[in-house]
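Worksheet: the structure to be examined is printed underneath.
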Amino acid sequence: MSASMHLTTPAGTAIGQEALNALSSALFCTSLQPADMPDPDRVRREVLHMLGTDLAGQCKAKVVQATTDHPSHFASRMAWCRQMILLVFFSAGCQVPPQLTQEAQYDHQNEIDGR
């Protein structure tokens with residue numbers, strides 16, 4: 001995982017490990033299951049949809065609640081989520097979609113400023 005990776009979510013900008021945590025939490029809150037054996041594109045779509053629609057932070061609350069209500073389920077599901085996120089977003093040749101990167105927001109702002 002690149003230490004300089006930036007991920008912009010509705011809750012703010014996450015860097016490195018924070019980005020991994022944010023993406024893993026988003027996957028945790030989807031309906032995808034390991035038994036589904038989802039392909040990388042489906043994982044990306046579901047995670048990005050969750051990040052884009054969870055403006056009230058309900059996903060974070062769900063993850064926190066799962067740690068106390070179902071600790072063994074939480075541990076196994078989060079381990080799967082982290083593994084999938086590393087594979088889908090951080091493996092060689094895979095990129096976080098540009099609309100979620102800090103660099104894309106910087107480029108957009110420069111476009112606006114240059115007008």
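Details
- Restricting attention to segment 20-46, the residues that are without any contact (Cβ under 8 Å) to a residue 40 or more places away in the chain and part of a helix (DSSP H, G or I) total 9.
- With respect to (1) in a helix (DSSP H, G or I); (2) open to solvent by 90 Å² or more (accessible area, probe 1.4 Å); (3) at pLDDT below 55, the lone exception for residue 112 is condition (2).
The rows are residues; the columns are (1) aliphatic (A, V, I, L, M); (2) buried (at least 18 other Cβ atoms within 10 Å of the Cβ).
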residue: 25; (1), (2): no, yes
residue: 29; (1), (2): no, yes
residue: 32; (1), (2): yes, yes
residue: 36; (1), (2): no, no
residue: 40; (1), (2): no, no
residue: 43; (1), (2): yes, yes
residue: 60; (1), (2): no, no
residue: 67; (1), (2): no, no
residue: 70; (1), (2): no, no
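The values are calculated or read from the model by the stated rules, or taken from the named source; none is laboratory data. All figures in this text were calculated on a predicted structure; none of them were measured in a lab. Neighbour counts are summed over all protein chains in view; Cβ atoms, including those assigned to glycine, are modelled from backbone coordinates with ideal geometry. Areas reflect the complete protein model, heavy atoms only, side chains present, ligands, DNA and RNA absent. Shrake-Rupley method; radii C 1.70, N 1.55, O 1.52, S 1.80 Å.
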